[in-house]
Amino acid sequence: MEIKNIVFIIVFVIAFSLLSFNLERLLSYLSIGKSENRFDNIFKRIINVLKIAIGQSKILRDPVAGLVHVLIFWGFLIFLFAVVESIFQGFYSDFNFEFLEIGFSIITFFQDVFGILVIFAVLFALFRRYIQKVKRLDHGKESLVDATFVLLMILVVVISMFGQNAAHIASNNLQLSEWEFRPFSNILANIFFFSNSNSETWYEIYWWIHILSIFTFMNFLPFSKHLHVFTSVPNVFFEKLGNKKYEIKPLDLEDETIEQFGAADVDHLSWKQMFDGYTCTECGRCSDACPANFTGKLLSPREIIINTRKRTEEKAPILLNGSNNEEILEKTLLNNYIKPEELWACTTCGACMKECPVTIEHIDTIVDMRRNLVLMESDFPSELNSVFKNLETNFTPWAFNAQDRANWAEGLNVKTMAEDSDCEYLFWVGCAGSFDSRYQKVSQSIAKLFNKAGVNYRILGTEEKCNGDTARRLGNEYLAQMMMQENVEKLNSYKVKKIVTGCPHCYNSLKVEYPQFGGNFEVFHHTEVLENLVNEGKLKLKENGNNSKITYHDSCYLGRYNDIYNSPRNSLNSINGLELLEMDRNLDKGFCCGAGGGRMFLEETEGTKININRTEEALSTGADTVASACPFCMTMLTDGVKSFEKQDDVAVKDIAEILLENTI
């Protein structure tokens with residue numbers, strides 16, 4: 001064994017011992033969090049990892065920055081062969097992968113190609129930070145230094161790899177071995193090495209630079225925002241799956257031993273919520289997409305997650321060591337790190353989660369802290385006093401009499417389940433569809449279309465109560481569960497199987513969250529049912545359309561939450577003479593109306609109003625009608641159009657109303 005090997009073994013043991021210690025330290029911090037099962041559906045989780053983590057599908061939603069990251073990420077995957085080869089050479093100097101033959105040719109070729117691509121990608125990344133100064137990447141000097149160090153370390157790793165290869169080729173009389181295919185390294189060897197003189201020495205120099213830079217890099221990560229190099233793949237694996245992605249988990253309100261509801265500090269969060277903090281890359285995509293942040297509110301989803309990590313690293317060692325550091329223990333995540341104003345600004349639109357390349361679940365943490373404010377501290381905006389009181393007494397956020405819930409249906413020959421429960425669909429009208437004078441017209445349009453098409457449906461009438469979405473996302477889990485459980489009991493008593501609703505918030509609750517309480521139904525949004533009725537010929541459309549120009553606003557809870565983008569558009573496109581004009585921010589990049597997460601009932605006092613920003617974009621299309629498929633969106637867009645004094649020129653209508661106008 002050579003001196004080189006002995007020295008390497010010592011360095012290797014030190015490097016991996018330090019790494020193991022620091023990773024174990026960080027993982028131990030998660031033990032202070034609440035347990036949560038994220039090991040279900042292993043196969044689906046593996047598919048998620050292949051698609052999102054390895055395939056980098058979410059990274060590429062930003063094509064420029066995405067391509068830069070993809071080149072670096074895939075490059076490092078390929079460089080792993082070079083890293084492993086170098087490590088093995090530390091134990092046995094003559095080791096290489098040449099025994100793989102054709103596989104070695106493929107590996108060496110792609111190492112060379114991606115080596116060049118990674119160098120350009122790193123230089124471009126530095127250009128974006130120092131020359132372009134991309135706003136979302138500007139997160140203070142510490143973050144800039146961190147990113148710069150990591151990028152420079154990547155450069156050193158790649159350049160030293162090329163140095164090794166070139167020196168090795170030079171030591172072989174500038175000849176590649178039988179299965180070696182390194183076009184760029186070969187060029188470098190011919191440029192920098194005119195003979196094999198000193199090439200072996202240079203090889204050793206580059207080998208040590210390469211291996212030491214790798215060991216330095218990997219031991220820097222546990223103290224860096226780039227810890228996501230280790231945590232992003234498992235975080236993607238542990239993501240909530242399918243339409244459960246935006247599901248709010250219930251609280252156990254029956255357990256009298258529970259002393260804390262919601263989260264005031266990190267030890268009230270689950271281990272997964274804390275792990276999200278380890279995974280944040282501080283890329284700023286979440287805050288860039290956040291409608292509250294975009295319009296000048298205090299909320300920054302990125303800061304919520306970063307502060308969760310900071311507080312974890314501060315408090316977890318104290319709890320685990322059993323020390324009594326009062327200065328640290330007296331502080332909390334909520335109030336000391338995150339202000340209530342930040343939390344109440346959230347519309348729960350899900351844009352942050354949709355854009356996050358490492359599948360961080362911001363909304364869970366925000367809602368849990370809202371729960372603490374409401375259930376533990378009774379600290380919430382004054383406007384919510386009447387909302388909560390109305391929900392408790394009238395089963396609706398507004399001060400309407402529950403006995404008037406079915407008044408909208410007078411004269412439409414709509415039967416209730418109490419009158420006759422033999423039907424295909426229960427039409428879940430929702431609070432807005434029942435009481436809001438504007439959205440009552442949408443409920444009436446849906447009913448008229450169903451009547452025309454011969455749909456066999458019923459309503460609950462006065463037996464229907466608020467679905468619970470508003471209360472739950474405002475943090476009042478007690479009210480939410482009360483209404484959810486009572487609704488489930490009523491629906492199950494009628495043996496309801498299929499539900500259609502005109503409200504995306506009702507749709508999401510009934511479909512995604514009611515199963516938590518034994519309510520398992522097949523749930524449809526009215527645009528889905530109407531699309532099918534048109535396709536089946538049960539709704540006959542006029543041959544001569546009205547030649548209107550329409551732009552469609554995607555509801556967050558319909559689109560982003562439940563992937564319903566096509567049904568509303570297909571219904572509009574089926575109408576003769578209608579021209580559909582898309583806004584720049586559409587489909588899964590759509591911009592929130594500002595009403596979700598209970599914001600419908602709260603005033604906006606910071607920055608620009610979200611609905612004004614969205615309405616301005618809708619008006620810029622030149623459309624004479626703004627179409628929506630959500631009562632909250634309709635209210636916000638209607639107010640927006642009025643604020644621009646365009647109500648005489650631009651109408652705001654639901655898909656059902658537009659279809660009704662164009663059916664025979």
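Throughout, read-outs are computed from the coordinates displayed, never taken from laboratory work. Worth saying up front: this structure is predicted, and the values here are computed from it rather than measured. Here Cβ is always computed from backbone atoms with ideal geometry, including for glycine, and neighbour counts include all displayed protein chains.
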For this session: Pull up all non-local amide H partners of Lys34: gap of 5 or more, or a different chain, and H-to-H distance under 5 Å with H placed in the peptide plane.
Result: Leu269, Ser270, Trp271
For this session: Could you order peptides 395-405, 643-653 by the average number of other Cβ atoms within 10 Å of their residues, highest first?
Result: 395-405, 643-653
Problem set entry | Rel. contact order, % - alpha carbon contacts under 8 angstrom, at least six apart, the chain | 11 percent
Exercise. Looking at segment 79-185, which chymotrypsin sites (Phe, Trp or Tyr not before Pro) are DSSP coil and have at most 11 other C-beta atoms within 10 Å of their C-beta?
Worked result: Tyr92
Problem set entry | Rg/Rg_globular for the chain, with Rg_globular taken as 2.2 N^0.38 Å and Rg from C-alpha atoms | 1.14
Exercise. What does the charge add up to near Ala167, with Lys and Arg as +1, Asp and Glu as -1, over the other residues with Cβ less than 9 Å from its Cβ?
Worked result: -2
For this session: Please tell me which of these pairs span more than 31 angstrom C-alpha to C-alpha: Lys297/Lys498; Lys538/Lys653; Lys495/Lys589; Lys297/Lys441; Lys34/Lys141; Lys244/Lys339?
Result: Lys297/Lys498; Lys495/Lys589; Lys297/Lys441; Lys34/Lys141
Exercise. Between Glu410 and Phe43, what FRET efficiency follows from the Cβ-Cβ distance if R0 is 60 Å, with the result rounded to 0.05?
Worked result: 0.70
Problem set entry | Other-chain or far-sequence residues with amide H under 5 Å of Val652's (modelled H) | Val626
Seminar exercise, completed: Sorting Leu251, Ala345, Leu319 by the position of each Cα along the dipole of the chain (Lys, Arg +1; Asp, Glu -1; all at Cβ), the one nearest the positive end of that ordering is Ala345
Seminar exercise, completed: Ranking Thr625, Val13, Asn173 by how far each Cα lies towards the positive end of the charge dipole of the chain (+1 on Lys and Arg Cβ, -1 on Asp and Glu Cβ), the top one is Thr625
Exercise. Where does the chain land at 222 nm, in deg cm²/dmol rounded to the nearest 500, when only DSSP H runs of n ≥ 4 count, each adding -39500 (n - 2.57), divided by all residues?
Worked result: -16000 deg cm²/dmol
For this session: Could you pull out the pairs from Lys44/Lys249; Lys249/Lys354; Lys354/Lys642 whose alpha carbons sit more than 25 Å apart here?
Result: Lys354/Lys642
Seminar exercise, completed: The ³J(HN,Hα) series, computed from each phi in segment 606-618 with the Karplus coefficients 6.51, -1.76 and 1.60 at θ = phi - 60°, rounded to the nearest Hz and given as x for glycine or proline, is 10, x, 8, 5, 4, 5, 5, 4, 5, 5, 4, 5, 5
Exercise. Among bridges DSSP assigns within the chain, what percent are antiparallel (round to 5)?
Worked result: 5 percent
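Using the Cα centre as the reference, give the magnitude of the dipole from point charges on the C-beta atoms of the chain (Lys, Arg: +1; Asp, Glu: -1; all else neutral), rounded to the nearest 20 debye. Let's see the in-between values first.
Values: 64 positive and 83 negative charges, 190 e Å.
Charge dipole of the chain: 920 debye, to the nearest 20.
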Exercise. Karplus couplings for segment 14-30 from phi (6.51 cos²θ - 1.76 cosθ + 1.60, θ = phi - 60°), rounded to Hz, Gly and Pro as x?
Worked result: 5, 4, 6, 5, 4, 4, 4, 4, 6, 5, 5, 4, 5, 5, 5, 4, 5
Exercise. Between Lys249 and Ser643, what is the label-to-label distance in nm when each label sits 7 Å out along the Cα-to-Cβ direction?
Worked result: 3.7 nm
Exercise. Taking only Cα atoms, what is the 0 to 90° angle, nearest 10, from helix 183-192's long axis to the longest principal axis of the chain?
Worked result: 40 degrees
For this session: Could you compute the FRET efficiency for Leu212 and Ser57, with r as their C-beta to C-beta distance and R0 at 56 Å, rounded to 0.05?
Result: 0.95
Exercise. What is the distance in Å between the Cα centres of segment 275-338 and segment 530-588?
Worked result: 41 Å
Exercise. Along the charge dipole of segment 383-534, Cβ charges K/R +1 and D/E -1, which of Gly411, Asn390, Asn520 sits furthest on the positive end?
Worked result: Gly411
Exercise. Which of the peptides 457-469, 8-20, 435-447 is most tightly packed, and how do the rest follow, judged by the mean count of other Cβ atoms within 10 Å per residue?
Worked result: 457-469, 435-447, 8-20
Exercise. List the GluC sites (Glu not before Pro) in segment 214-291 that DSSP assigns to loop (not H, G, I, E or B) and whose Cβ has at most 15 other Cβ atoms within 10 Å. Which are they?
Worked result: Glu254, Glu256, Glu259
Exercise. Label Ile159 and Asp422 with points 7 Å out from Cα along Cα→Cβ: what is the distance between them in nm?
Worked result: 8.3 nm
Problem set entry | Rounded, prolate or oblate (a/c below 1.5 giving rounded, otherwise prolate when a/b exceeds b/c) for segment 1-137 by Cα gyration tensor | oblate
For this session: Please give the peptides 326-335, 67-76 ranked by average Cβ packing (other Cβ atoms within 10 Å per residue), highest first, as a rough proxy for protection.
Result: 67-76, 326-335
Exercise. What's the exposure ranking of Tyr565, Tyr507, going from fewest to most Cβ atoms within 10 Å?
Worked result: Tyr565, Tyr507
